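Read the structure below first, then the notes.
Each reported figure results from applying straightforward, stated rules to the coordinates on display, with no laboratory input. Quick caveat, the model's predicted, so the values are computed rather than measured. All Cβ positions, even for glycine, are placed from backbone atoms using ideal geometry, and neighbour counts span all protein chains on display.
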Amino acid sequence: MDTDLLRQLNDDIWHPFRLAYSRLDAPAFLALHAPELIRAGGPAKQAVGFAEYSDQIGQWFTELAGRGSSVAISFRFVERIVANGLASERGLFQMVATRADGDQRTFYGRFHTYARLIDGRWRICVDYDTDERAATLAEDFDAAVEVDDVDAFVTRV
């Protein structure tokens, strides 16, 4: 696997994803997704398409901003497979929610995304995550590979 493809995925999806979350910028966040998006799992345990997901994200970011709250998200990976304009990536996320009064809560979950190279840019086509309450999620997150460590996923022949 080519490290350049993983870096492009980082530049097209993962770094902008974190930035859009930190800015509560729904349009920037949604631009990372393909129009045919399938979004499944999460706290609601549902499957939705792009339009419904767009409404949910817009409402959630607006509510957070209205309360003066913020959210930061980080990713670590356990698997990254990229070939022929397609990508499958599995990993863990850490979400830190901060209320206006400074109270912070940290949440962990697992994710699996499928992305496609569309007009020269990577876009998420399928996004599944879980907010399972496994006691080891924080440790699993710490043990997984950081987003910019693309060399960890290169197959050497």
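Quick notes
- Subset of the range 100-143 (residues that are under 30 Å from Gly68 (Cβ atoms), part of a strand (DSSP E or B) and of a type in the set (A, V, I, L, M)): Ile124
- Count - residues of the range 80-99 that are more than 16 Å from Asp148 (Cβ to Cβ) and not aliphatic (A, V, I, L, M): 6
- Count of the range 41-66 residues which are under 18 Å from Met95 (Cα atoms), outside any helix (DSSP H, G or I) and of a type in the set (A, V, I, L, M, F, W, C): 1
- Selected residue (only one of Arg7, Arg18 is basic (Lys, Arg) and either within 17 Å of Val82 (Cβ to Cβ) or not in a helix (DSSP H, G or I) (or both)): Arg7
- Of all residues in the range 21-40 being touching a Lys or Arg at 6+ places or on another chain (Cβ under 9 Å) and in a loop (DSSP other than H, G, I, E, B), the one that is nearest to Thr113 (Cα to Cα): Leu32
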